[in-house]
Amino acid sequence: KISVLPNKIGNCGALRHFSISHNALRSLPASIKDFKRLLNFDLSHNHLTILPAEVGMLPLLEYIEVSGNPIESPPPEFLSKGTYTISLYLRRIREMKETGYLTLNNSKLTNIPRDVLSYDAVKSLDLSHNEIAELPTEIGNLRFLVTLDLNVNLLHSLPDSIGHCFSLCDLYLTRNKLTSLPMAIHKLTNLTTLELDLDVVTNPPSVVCMKGGKECVRYFNAINEAFAKGIARLQNF
């Protein structure tokens, strides 16, 4: 069985149909981007876990078959919708790595794709209008993230690792199931915009939340200092 495609496979740029099913491929070479005339691509029943961004660069691709592979990327929410959506996802991931911006809103995602969590240079991430119930601790790897939009999801809480997103300026969390924020928010010293459901979130109090991100950071700093010193100084909130 074939376990590796040589990089020279890209020289077959005139291919219209390519089937390499029921083999032992674990990856695809970057040169597949040169299949400029490819219409049908059958990769079924191999050992692929990732479809590379180059697949999204095939301009004429009409059908790709990937069943029988343990694919983790693209995530199942995109894989299940067929060739166009798979290609769209891969193009967006490629654009993220070029620009630092990624939009995956209205995608029925239940988790943040690993492509995103493993790319720590992302600056803006729109995951609004999905079905994400939990943020992984790896969210803290995104230390250059400036804007994070999680409006309209199913979040019950945020992990403490959110405090490692030191560049975060804008955080959108409306229409989730949050009732409080973690103490780690006090580490987000650049936070300016923080949008929450003021009638649901009780910590910080709504009177603090309505004043914006900086005031929430100041509030949690005061709480943190109170714990450290064994006293409470929450005047002026």
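What follows draws every value from the coordinates through simple rules; no lab data is involved. What you see is a predicted model, and the numbers here were worked out from it, not measured in a lab. A quick note on method: Cβ atoms are made from the backbone with ideal geometry, for glycine too, and the neighbour counts reach across all protein chains shown.
A compact table of results
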| read-out | value |
| --- | --- |
| Equivalent ellipsoid, the chain (semi-axes from 5 times Cα gyration tensor eigenvalues, Å) | 45, 15, 14 |
| Cβ-based net charge around residue 166, under 9 Å, with every Lys or Arg adding one and every Asp or Glu removing one | +2 |
| HN-Hα J in Hz across region 80-96 - Karplus 6.51, -1.76, 1.60, θ = phi - 60°, x for Gly and Pro | 5, 9, x, 4, 4, 6, 4, 5, 4, 4, 5, 5, 5, 5, 5, 5, 4 |
| 12 Å Cα cut-off, lysine pairs counted over the chain (separation 8 or more, or different chains) | 4 |
| Three principal axis lengths of region 64-130 [C-alpha, angstrom, descending] | 34, 23, 19 |
| Hz values of 3J(HN,Hα) by residue in region 16-30 - Karplus curve (6.51, -1.76, 1.60), Gly and Pro given as x | 10, 9, 9, 10, 9, 6, 6, 10, 10, 5, 10, 7, 10, x, 4 |
| Positive-end extreme of charge dipole, region 1-99 - chosen from 82, 99, 32 (charges on Cβ) | 32 |
| Three-way shape label, region 1-99, alpha-carbon gyration tensor, a/c 1.5 | rounded |
| Kirkwood Rh, Cα atoms: Rg over Rh of region 100-237 | 0.97 |
| Angle in degrees between helix 213-229 and the longest Cα principal axis of the chain, rounded to the nearest 10 | 60 degrees |
| Descending Cα extents along the principal axes, region 134-173, whole Å | 24, 18, 10 |
| Centroid-to-centroid separation of region 177-216 and region 133-152 [C-alpha atoms, Å] | 15 Å |
| Using θ = phi - 60° and Karplus 6.51 cos²θ - 1.76 cosθ + 1.60, couplings along region 57-70 (whole Hz; Gly, Pro as x) | 9, 8, x, 10, 4, 10, 8, 10, 10, 10, 4, x, 10, x |
| Charge context of residue 141, other residues only, Cβ under 14 angstrom, K/R +1, D/E -1 | -1 |
